[in-house]
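The numbers here are math on the coordinates, done by the rules we state, and not lab data. From a predicted model like this one, the values you see are computed outputs, not experimental measurements. Note that each Cβ is placed from the backbone with ideal geometry, even for glycine, and that neighbours are counted across all protein chains shown.
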Amino acid sequence: MKIFDHVLIIGFGGPTRREDILPFLEHVARGRNIPEARLKEVLHHYERVGGFSPYNAYTFQLAEKLKAALQSEGAGIPVFVGMRNWHPFLDEALSEIKIRGLKRGAGIILAPHHCETSYERYIQNVDEARKAVGAVETQYQYLKPWHDHPLFVQAQADEVKKIVDTLLPEEQKSAHFLFSAHSIPLDMPGAERYQEEFRQSSTLVASEIGISRWSIAYQSRSGNPHQRWAEPDVVSVIKQLAEKGEKRVVLVPVGFLCDNVEVLYDLDIEAKAEAEKAGLQYLRACTVTDHPKFVSMLKTLIFESSPAPNPV
């Protein structure tokens, strides 16, 4: 790999201990006019899942695995982590990158589906961090879209198969698979693309598994109640499935790359409680961040993104 001298993994971030929850939420909410009552509600969610988020730990594990995968291919370059909303913040990562004199980076945004908040805003935050620390000479080339990449699809399908294998044959036939992603405002730039990519990922995973009884839903809405957001909602779909006589539902959080509060609370507590209340057996597939095929996909895309050097 001739062009990149480092990799920057760019994530949302999460509180790693109980006393960090409120400062983290305040940072996320800055300038967004989120009611205090909503912040208290989400703070309670974090308390219910143990008082911290495993997001950062998963992201650093990914960085180490990707570094090893690149090194195994002869590309022994450093892999950094920078977060939008918690330590290590992007400016902290860019400061270290500047000190080490690195100027040609591959940027990995930890979001499988593209919209303004899941992609363009991350790039903007990186540019702001570069300017803030005086690292304007450091440039990034971001990986091409991978929501439909075979290795991403296979990684998620593998996790779903692990759930399927725990069921008896007759139970497998009667399971309904529900794919979920974070809801977004319908008037947000890129909303149509986001929805289409989510549906494409879900369709490809369903095809890889060989299932025909599946649907999609959105979760974790937190905005203006008068604003139109992507629907249907996960909880509403679960209720409808029960009304139609379904016996079990398998949640597949294909829109999330690792467990965070929106998976651990919104799905494993809130959605599960609704399913059990309605008499449905609830199962949830794991996310893919630490799956070897996902790491292999990132490694492959980094090499594909690296243009050939100019001839001397």
Long-range amide H partners of Trp229, meaning residues 5 or more apart or on another chain whose placed amide H is closer than 5 Å, are Leu186
Taking only the Cα positions of the stretch 203-312, the convex hull volume per residue in Å³ is 169
So the number of lysine pairs in the stretch 150-284 with alpha-carbon atoms under 17 angstrom apart, 8 or more residues apart or on different chains, is 10
Length gained if Lys247 through Arg100 is fully extended, taking 0.36 nm per residue and subtracting the Cα-Cα distance, is 47.3 nm
Percent antiparallel among DSSP beta bridges confined to the stretch 150-284, nearest 5, equals 5
The distance between the Cα centres of the stretch 256-299 and the stretch 105-175, in whole Å, is 15
Longest the chain segment clear of GluC sites (Glu not before Pro) sitting in DSSP loops (not H, G, I, E or B) with at most 14 other Cβ atoms within 10 Å runs 138-312
If each K or R counts +1 and each D or E counts -1, the residues other than Leu186 whose Cβ falls under 14 Å of its Cβ total -3
Hydrophobic long helices for the chain, i.e. whole DSSP H runs reaching 24 angstrom or more by Cα along the axis with Kyte-Doolittle mean at least -0.5, come out as 55-72
Counting only DSSP loop positions in the stretch 5-45, the trypsin sites (Lys or Arg not before Pro) whose Cβ has at most 11 other Cβ atoms within 10 Å are Arg17, Arg30, Arg32
